Number of protein chains: 2
Amino acid sequence: MENVINYLNSNISNYLEELKEYIRIPSISTLETHKDEMIRCSEYIANTFRTIGMTRVEIFPTEGHPIVYGEWLGKPGKPTVLIYGHYDVQPVDPLNLWDNPPFEPIIKDEKIFARGANDNKGQNFTHIKSVEAFFKTVGEPPVNIKYIFEGEEEIGSGNLVPFLKEKQDLLKCDVVLISDTSMYAEDVPTITYGLRGLLYMEVEVTAANRDLHSGSYGGAVANPINELAKIISQLHDKNQKVTIPNFYKDVLKLSKQEKDNFKRLKLSDKEYAKEVGVKVLQGEKNFTTLERLWVRPTLDCNGIIGGFTEKGAKTVLPSKALAKISMRLVPNQNPEKIAKEFTKYIKKIAPKCVSVDVRTLHYGSPAMVPINNNAMKAGASAVSKAFGKKAVFIREGGSIPIIVDFVNQLKTPAVLMGFGLDSDNIHSPNEHFLLKNFKNGLLASAYFLDELSKF
Amino acid sequence: MENVINYLNSNISNYLEELKEYIRIPSISTLETHKDEMIRCSEYIANTFRTIGMTRVEIFPTEGHPIVYGEWLGKPGKPTVLIYGHYDVQPVDPLNLWDNPPFEPIIKDEKIFARGANDNKGQNFTHIKSVEAFFKTVGEPPVNIKYIFEGEEEIGSGNLVPFLKEKQDLLKCDVVLISDTSMYAEDVPTITYGLRGLLYMEVEVTAANRDLHSGSYGGAVANPINELAKIISQLHDKNQKVTIPNFYKDVLKLSKQEKDNFKRLKLSDKEYAKEVGVKVLQGEKNFTTLERLWVRPTLDCNGIIGGFTEKGAKTVLPSKALAKISMRLVPNQNPEKIAKEFTKYIKKIAPKCVSVDVRTLHYGSPAMVPINNNAMKAGASAVSKAFGKKAVFIREGGSIPIIVDFVNQLKTPAVLMGFGLDSDNIHSPNEHFLLKNFKNGLLASAYFLDELSKF
């Protein structure tokens, strides 16, 4: 292992140059206009898999963006690790808030800045280079490797789920390794064992059959923005509890053990508020911040638009207003059931003077992975070695819906080993990745393969 | 007069071609990018004034868009009429809802379609051509003419008010004539004697110092869209009364006489709802629709934006959300007082977990003009002759804040003689003007000058 670790340590700057190439492909999955870039990015991944030593590489087209598969099975009898990553990234708006163009990565203050620098290109690239390091130094990795990189994580992994079902034999493995989570804090090596699910809806309110003059019609005809605002305002009560009927019905109660674990992480609300720039935090009453983030479901408007939104004034009484509303779900909430309850509730509270259309954009289940198994032990040991500090086990507020499908479809343990920080601005302007976390990620990935080979 | 009327009637198609030229100039006053077009339009007006026979024409630059003045004072001893118009138009978005490009006027179904075809180019053009007809037939108009055309009506006439104060001598007149209102209904000649005022505000809610990932932070940090929605939802009570303290304090009670007049207009709520495409109307409880539109103040969101608003899904917990909120005011509400009350109330109801910025964009006072004077009689007589039917006197829900300033500054009666219909989509896609109303407008304008010369 010493050879491998030394090799990785002495090649960091080369890796950063290669990572920049990968990042420069603007693979925004949600934009129709970027379909060709998605294909280009999938081909880039496939080439990389081939270059580092994978013996079978295949690009699987889907109805959406391609899935890239790579494998090296030169260690019969040894475990097989399936490494998941996603090559698609979030949109970049608002563009004017970026200090540098989002797809022109730059290194500044010991960080690499760009869309995808962290989520997920920066993270998944560590698992490519760690495997390469074994080939380049000791001849081959200590375990069998399978890669599956998708291009639709940021839009709900709609085509990966059927793929997992269909390709169970191809994807057979002993453990799934995913780096798409965050570390609990800087310099705290972290294994994540729980993620929230996601349900993403759109609510469109229509009043008049056309935009009207707010002087000539204001006072007689309903205003869809005002009515949408009233609907949104009724989605939380004064204790910030979500008011959708049966929303909390299937939510698992937090065990005393987990509650105590969370307390030991000693999160400071004051520092947290300071970091995000608010005077006070806000959330469901009677729960701590970590509980609200990790084990309680939430509801947020992700976008709203209606009427005149440019600079200046236009006295319009608009015909329509639209909100994008997503919910983070926790075990054992069922996204499909919640979507039905949400739709029913919105239709019920909408007044007769408007019509309302409720659409489900996508969803994914919450996930909890068992922590008492060898794969988890290997994961904890690997990050502890890489970061030189004892690992903590946490849950996370974000969602990787696909985790549930991996666990359910492939019936294997999953290790969620994240190298990002919550403060890395993923999904925001000036996304970045700490160079030290990139480096420690490379080491952790290599240690993990090594640890795994011992079982 | 017969000559004049015949001349007008036989030149309608020429006038429409000239009107098209005027409309083709995209004079959108609110867009910075259209500053040159505004100048071009002001020059077009000035040339037209010169061409028809005005003896003094001047373009007055302002800090915003120019004011165009024209005069012919060849009838000493006869009354002087000051004709007001505005050459600026509303923005055209959403562009995709236009059946034809907004600045390429076309004639279809006995209507002319384009942005500005009605509001206000189509209407003010009638008063240019009527005056020309006198020059071309009987040699000169029967009264003295002054024109004042501004380019900032759609953005609050910010530079006209000081201009009126400064140029009182230049603008001295016996009556102000304005065609920027609507007819009560098709084929019902109408004189308007009351208009609502306007107060246009922006409310910006800020939570975190940057856009956050809604998974990693949702549940801990306030969502500015949700909070803005809560604020908006608190601006009306369940009876659709505006909840801003002291909002109704100065509102004049409707007289029994006006109430009865309104009743005689027999507005059908059912037909009104059908025309705008809603199941039921909505508005302040215990008032009829006409009362709500004409004599009651209202509050409407004209625009809202926050977070991700493109197609697809982005799981962002945004930093900011913005609403444009305007109020229509009635006598004797004071816009400046209401702006203060609004600001105070919003700041009071906003929770501590967000910061809120409240900005006044522009405002104008409500207006009522006296109806018992010769000018009004001339106006009623003119529209009755032109449309062949007895005129009705109405109030209107829209605002021409400048009316108050005309009345107050110039101390003259004002005649509001509108030829548009509420269904003409002014401020909306597919704005249009009925050709018969354009024609009757030309005639009414000529009859008015003739009637006025008799006093």
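Where a number appears in this text, it was derived from the coordinates with a stated rule and is not lab data. Worth saying up front: this structure is predicted, and the values here are computed from it rather than measured. Neighbour counts are summed over all protein chains in view; Cβ atoms, including those assigned to glycine, are modelled from backbone coordinates with ideal geometry.
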* Structure fact -> Given backbone amide H placed at 1.01 Å from N, residues whose amide H is under 5 Å from that of B:Gln333, ignoring those fewer than 5 places away on the same chain, are B:Leu252
* Put a dot 7 Å past each Cα toward the Cβ at A:Glu104 and A:Thr243; how far apart are the dots in nm? -> 4.9
* Once the label point is placed 7 Å from Cα along Cβ, list for B:Lys389 the distances to the corresponding points in the other copies, in nm, shortest first. => 8.1
* From the label point of A:Glu21, set 7 Å from Cα along Cα→Cβ, how far away are the matching label points in the other copies, in nm, ordered shortest to longest? -> 6.3
* Nearest 10 degrees, 0 to 90: helix A:12-24 Cα axis against chain A principal axis -> 40
* With only Lys, Arg, Asp and Glu charged, each at its Cβ (+1 for the first two, -1 for the last two), find how big the charge dipole of the range A:117-248 is about the Cα centre; round to the nearest 20 debye. => 220
* To do: Determine, from the Cβ-Cβ distance of A:Glu341 and A:Glu140 and an R0 of 51 Å, the FRET efficiency 1/(1 + (r/R0)^6), rounded to the nearest 0.05.
  => 0.45
* Report, for A:Gly139, each distance to the same residue's label point in the other copies, shortest first and in nm; define the point 7 Å along Cα→Cβ. => 11.8
* To do: In whole angstrom, note down how far apart the Cα centers of the range B:407-455 and the range B:1-55 are.
  => 15
* **Cα centre as origin, Lys/Arg/Asp/Glu Cβ charges: the protein assembly as shown dipole, Debye** => 3240
* Relative contact order computed over the range A:141-248 (Cα-Cα under 8 Å; 6+ residues apart), in percent -> 11
* Dipole of the protein assembly as shown [Lys/Arg +1, Asp/Glu -1 at C-beta], most positive-end residue of B:His362, A:Ser365, A:Leu235 -> A:Leu235
* Which shape class, rounded, prolate or oblate, goes with the range A:107-169 when its Cα gyration tensor gives a ≥ b ≥ c as root eigenvalues, a/c under 1.5 marks rounded, and past that a/b bigger than b/c marks prolate? -> oblate
* Asked: Roughly speaking, what is the stretch gain from B:Met1 to B:Lys270, that is 0.36 nm per residue apart minus the C-alpha to C-alpha distance, in nm to one decimal?
  -> 92.6 nm
* Which value, in debye to the nearest 20, describes the size of the charge dipole of chain B about its Cα centre when Lys and Arg Cβ atoms bear +1, Asp and Glu Cβ atoms bear -1, and nothing else is charged? -> 1620
* Structure fact -> Long-range amide H partners of B:Ala414, meaning residues 5 or more apart or on another chain whose placed amide H is closer than 5 Å, are B:Val176
* **Angle between chain B longest axis and helix B:374-387 axis [Cα atoms, degrees, rounded to 10]** => 90
* Structure fact -> Dividing the mean separation of Cα pairs under 8 Å (6+ apart) by the residue count of chain B yields a relative contact order in percent of 26
